[in-house]
Amino acid sequence: MWVGNGPVRPNFHPLGTELRNWLMRKGDVSVFSFDDNWFTNSYTYDASVLVVAFASIVNDCHAFANSTEPLDSLEAEIRCVRLYTENVLYTARLCEAFIKQLLFCSSFPEEDYHGSALGSLLSKDCNSCRPNKEKRHKISLLGSLAHRYHLCHSYELCLNEHVKIVNRRRDIEAAHSGVTKLAQKFVRKPVSEIRKKFEKECLDLGNSFIHMLHHISDLEDKMLAELNHFIREEAQRVCPAITFSQSQDIPSHRAES
């Protein structure tokens, strides 16, 4: 963020880091309103709203998996499908929003990623090769961010884990045409067994998501360090008497677990 001719603060918030910590029961998450006028990065506002919505879904999943409320087995299966579907879709949407808020602070043109789904952020055809008749090579916007901070090796090793999130989202969306045959899940069985299976599925999904958030958190840390270093240098150059303080009171609401 710039005021006049000088930078004053980074134009994003480390929401991926906060959510990872919250999922590991190490902190709370933030939500920002456009009325705060704290960022010009619209993806930060969008991502913060998705975070608190996702936190509510996680709490609902936990409550259902550990509840002893009497339920008909069919009703229990339907509730599993609804909660798991919401979990999967929000997981992918959050990854997209976290990556886009970082890309907004880079030199990538916004048209390259604004309408992109997660799969395209991980791998897409190079737009510069479009005029050529030969097959276009693949680029990764997220991988390019990782490369700047020398994190590309760990990113490449874990790409398959990232793609799992994309595949889960695709499978859920395909369910609208009956491809995943969700009706086959509706077999009469004890509700306790249904809850136990649901809890395992959510834990598997959560572990993959936390893994992805680990990489996003690394990028957030590196980018914040680079931006804060740049801000300090600019502050000293413009007015050497100013001492820069990294701790700033950001007007946000805290959403507790």
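Values in this text are rule-based calculations from the coordinates and carry no lab data. Remember, it's a predicted structure, so these values are computed and weren't measured experimentally. Reconstructed Cβ throughout: ideal geometry from the backbone, glycine too, with neighbour counts over all protein chains shown.
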Using only the alpha carbons, work out the radius of gyration and Dmax of segment 10-96 in angstrom. 15.6, 51
To make sure I understand, if each residue's beta carbon is the centre and we count other beta carbons within 10 Å, what order do Asp46, Asp36 fall in, fewest to most? Asp36, Asp46
Counting Lys and Arg as +1 and Asp and Glu as -1, what is the net charge of the other residues whose Cβ lies under 13 Å from the Cβ of Ile216? -3
Taking neighbour Cβ counts within 10 Å as the exposure measure, how do Phe98, Phe54 sort from fewest upward? Phe54, Phe98
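At R0 = 22 Å, how high is the FRET efficiency between Asn207 and Leu151 if r is their beta carbon distance? Nearest 0.05 is fine. Could you put the intermediate results ahead of the total?
Numbers: r = 20 Å, r/R0 = 0.93.
Computed FRET efficiency for Asn207 and Leu151: 0.60.
Hand me the trypsin sites (Lys or Arg not before Pro) from segment 12-80 located in a DSSP loop with no more than 14 other Cβ atoms within 10 Å, in residue order please.
Arg25, Lys26
If each residue's Cβ is checked for other Cβ atoms within 10 Å, how do Tyr45, Tyr149 rank with the fewest at the top?
On the way: Tyr45 20, Tyr149 14.
Fewest-to-most ranking of Tyr45, Tyr149: Tyr149, Tyr45.
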Under the definition of Cα pairs under 8 Å and six or more residues apart, what whole-number percent is the relative contact order of segment 54-128? 30
At a Förster radius of 30 Å, what calculated FRET efficiency corresponds to the Cβ-Cβ distance of Lys26 and His137, to the nearest 0.05? 0.15
Evaluate E = 1/(1 + (r/R0)^6) for Ser56 and Ser106, where r is the Cβ-Cβ distance and R0 equals 45 Å; express this FRET efficiency to the nearest 0.05. 0.90
